[in-house]
Amino acid sequence: MLTSATLFQIVNTAVLPAWALLMFWPTAPLTRRLVRSYAWSGALAVGYLVLLVRGLGAWPEGGSFNTLAGVMRLFTSEAGVLTGWVHYLAFDLFVGAWIVNDALVRNLNHGWRRWARLPVLALTFLFGPVGLLTWLGMRGLMRNEE
């Protein structure tokens, strides 16, 4: 059986190719099929669900989602932190794919706009909502310049 530490390394490494595809080859067929289709995020979501179900009976006493103390208690085990981390990875990758899809739909994938998206994707990878907020602001500015 895989340890939480090993699973952590696997999922952490597994997202890196998806982010590279989004950042450097956003229109490649492989990116479209695996990442921009949300399949990669979906696979992480399945992993999250498995970890969540596997850990349901092993939640620490007092762990809950309705108080800060209860949430803190959920993250006192390796399994709890791993499950939460996979949640972050799945959602951040989903948002990154959405940003690329949104840029393509809005025709913001040419010239400097394509390169301006790179730091947004890096922010999304590292700080999730900060990258999303940055993209929402940038796309409004880019649209107004046309």
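Only Cα pairs under 8 Å and at least 6 apart count here; give the relative contact order of the chain as a rounded whole percent.
23
Which whole number in µm²/s is D for the range 102-145 by Stokes-Einstein, with the Kirkwood Rh taken over Cα pairs at 4 °C and 1.567 mPa s?
Rounded to a whole number, D works out at 125 µm²/s.
Extent of the chain along each principal axis, from alpha carbon coordinates, in Å, largest to smallest?
Ordered largest first, the chain gives principal extents of 56, 32, 18 Å.
Take the Cα gyration tensor of the range 14-64, multiply each eigenvalue by 5, square-root it, and list the three semi-axes largest first, rounded to whole angstrom.
Its equivalent ellipsoid spans semi-axes of 33, 10, 7 Å.
If you take the charge dipole of the range 23-146 about its Cα centre, with +1 on Lys and Arg Cβ and -1 on Asp and Glu Cβ, which of Trp98, His110, Ala69 is farthest toward its positive end?
Selected residue: His110.
Hey, got the dipole for the chain? About the Cα centre, +1 on K and R Cβ, -1 on D and E Cβ, debye to the nearest 20?
460
With all protein chains present, how much of the accessible area of the range 89-146 (probe radius 1.4 Å) comes from carbon and sulfur, to the nearest whole percent?
69
The values are calculated or read from the model by the stated rules, or taken from the named source; none is laboratory data. Just so it is clear, the model here is predicted, and its values are computed rather than measured. Every residue, glycine among them, receives a Cβ derived from its backbone with ideal geometry; neighbour counts consider all protein chains shown. These accessible areas exclude ligands, DNA and RNA; they are computed on the full protein's heavy atoms, side chains included. Shrake-Rupley method; radii C 1.70, N 1.55, O 1.52, S 1.80 Å.
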